[in-house]
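Just so it is clear, none of the values below were taken in a lab; they were calculated from the coordinates. Computed from a predicted structure; not experimentally measured. Cβ coordinates were reconstructed from backbone atoms using ideal geometry, including for glycine residues, and neighbour counts include every protein chain displayed.
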Amino acid sequence: MPWLACNSRRIHYELAGPADGPACVLINGLTQYVRLWHPLRDALVARGLQVASFDMLGQGQSDKPSLFIHQDDQVAVLGELIATLGERPIFVAGISFGAVIALRYAIAHGHTIAGVVPMSGFAEIPAQLYMLGTALRTALILGGTTFLQDLLFPMNFSGEWLESKRDLIDIARHRGWLVNDVYALQNLMESFLDFEPLTPQLSSIRTPTMILTGEFDFLTPRPLQETLRVHIPDSALVIVQRAYHAFTLEKPELTAHLLTRFAEDVMGGRWRGKGTIWLAPEEVGGDFVPFPAGFDHMRAIPVRKDAREPAPRPETAAL
Amino acid sequence: MRAFFGPLEDDGSIPAHQQTRVSAFLMSAHGALARQLATALPGSVRSGWQVELHSQFCREIEILSLIARATAWVPDPTLPFLFWQWESAWLPHSVEGVTDGEQSFLIDLAAFGHALHSVIRPAALLPEDFPQTDPFALAMRRVEFESVRLMQAQILFLKGPELVPVRDAVAAAVERRHAQVREVWNGMLAGIEIEPSGRHLLVPVVKSAVADGAPTGAAAKAR
């Protein structure tokens, strides 16, 4: 079982796949741990990438600082792991909390990686996200990890997926409760209490950036991804259709397809971010489709950008 | 070594010698904390934070009472030696870098409480198939659940504004208490053939639970 030492802390990580090709580093979200990446990891390895995943400080088998966890420390851990991978194309993909760490790394050390993929990420904490985070923290404090997970499951996944996995959710919840420690989760959540927006620094990210967002993600909704698209010069926003916050878990094969395509395009010199907006294919192997021209990608209904006049009122309006 | 209590007895209960050893440990640790809280608690409550101190003291007494009554005690000849070892570990320590004696005592008390309530997870040792009405098992769940709430007062104090000037000393004191409590807890569990880090290695069902598409492998078996 491989371990990494960073600032006197012990970090648990896993490596899988060929050691001589491009590599992809995966960064967890809150309550996740390395083994939850296995479906995505296996799909990436099958496509020829080496995958490095690790438990962030405070998660899984890595050390859990007792009182304070600083996000800079997480970035340092990521840097140590990337350094062990050597000189080759390295892509960094993080989800949610992990996306923030990926962005922080790209801001500070973007020259060491070939590309970055923030998934369900954010660079700011507006009131809605702040209040959700505060409520989740209160849930953790009052009801423990299980209550937090009870809230996170329906926030992260589609109803169809939850229904199809209904008989396994209890077991997954129990595993999550076993692996996570409340104080460590609380420390991770409280590392956002003094969060300074990353937005002013996003323009310094010069590495190719593919922003992945779930079509139905209400935890970190489209405006948060839009901030990334607008400020990161070589970025493209890719909307994963019918997906929620944790699409990496719900759609690992599709996510692997998207990540691999991104890596291939970057390495092949074909990547042109330019702030473009795309729809991800719904099936593995499908093509990216440009977001329909003239429509507003910030809306949930197909509103034309140039048709902002109020809709004509129905003649027989009942309301 | 096992990750959980067991093997279970024929009636589904946790072996009495494991109950005895774990409960003795918990009574030693929570008893020490209750005594230290009693020392810090004045006869008349005059400050807001002393209300919380009183609540903490009462919860610890409740935990002790519950453990004493819910455990199937059996003779354990090693307990006198172990008790001496444990009690030595719980003695108050001065906090390096904090010159105010009273503040140092309170920081160490909170650090000990934080470590006790966060590192010690007796419910995480229960096997998945334990009887849902077993009093010892339910007591362990109650102790762990209450610990999460009790820990909040320690977190508020240790991360609070009045300790900002000595934050590094506080963090070091809490880390030291965590390491100490973890070492003693793990040592005690090793004596009853339990390796608590084994909880991280239970994965097949989780892996398949999050996999896309039709159930395969372990998921299919689980069904």
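Before moving on, here are some points about what is shown:
- If you take all other residues with their beta carbon under 12 Å from the beta carbon of B:Ser94, and give Lys and Arg +1 and Asp and Glu -1, the sum is -3.
- Inter-chain neighbour count for A:219-227: the average number of beta-carbon atoms from partner chains within 10 Å of each residue's beta-carbon is 0.
- Spin-label model, B:Met1 to A:Phe216: label points 7 Å out along the Cα-to-beta-carbon direction sit 4.4 nm apart.
- Relative contact order (%) - region B:1-142, alpha-carbon pairs under 8 angstrom, separation at least six: 35 percent
- Going by neighbour counts of Cβ atoms within 10 Å, the residues A:Val34, B:Val174 line up, fewest first, as A:Val34, B:Val174.
- Of the peptides A:35-41, A:266-272, the order by per-residue mean of other Cβ atoms within 10 Å, starting with the highest, comes out as A:35-41, A:266-272.
- C-alpha center-to-center spacing [region A:166-188, region A:199-213] in angstrom: 31 Å
- For the residue pairs A:Lys251/A:Lys305; A:Lys251/A:Lys274; A:Lys274/A:Lys305, the C-alpha atoms sit more than 21 angstrom apart in A:Lys251/A:Lys305; A:Lys251/A:Lys274.
- Averaged over peptide A:25-35, the number of partner chain Cβ atoms lying within 10 Å of each residue's Cβ comes to 1.
- Three-way shape call for region B:134-194 based on the alpha-carbon gyration tensor, with the a/c threshold at 1.5: oblate
- Based on Cα contacts under 8 Å between residues 6+ apart, region A:156-247 shows a relative contact order of 36 percent.
- Relative protection proxy for A:234-243, A:83-92, from highest mean packing down: A:234-243, A:83-92 (other beta-carbon atoms within 10 angstrom).
- Whole-angstrom gap from region B:117-160 to region A:113-141, using each part's C-alpha centre: 28 Å
- Label-zone membership for region A:23-38, site A:Leu162, 7 angstrom Cα→C-beta point, backbone N under 15 Å: none
- Mean separation of Cα contacts under 8 Å (6+ apart) over length of chain A, as relative contact order %: 17 percent
- What separates the Cα centres of region B:30-90 and region A:222-238 is a distance of 54 Å.
- For B:Gln50 and B:Ala89, the FRET efficiency from 1/(1 + (r/R0)^6), where r spans their Cβ atoms and R0 equals 25 Å, is about 0.40.
- Total charge dipole magnitude, the protein assembly as shown, about the Cα centre, Cβ charges on Lys, Arg, Asp, Glu only, Debye to nearest 20: 600 debye
- Computed on the Cα atoms alone, the convex hull of chain A gives a volume of 159 cubic angstrom per residue.
- Cα gyration tensor, region A:68-121 - rounded (a/c under 1.5), prolate or oblate: oblate
- Peptide-level mean, for A:173-183, of C-beta atoms on other protein chains within 10 Å: 6
- Region B:166-205 shape via C-alpha gyration tensor axes, a/c threshold 1.5: oblate
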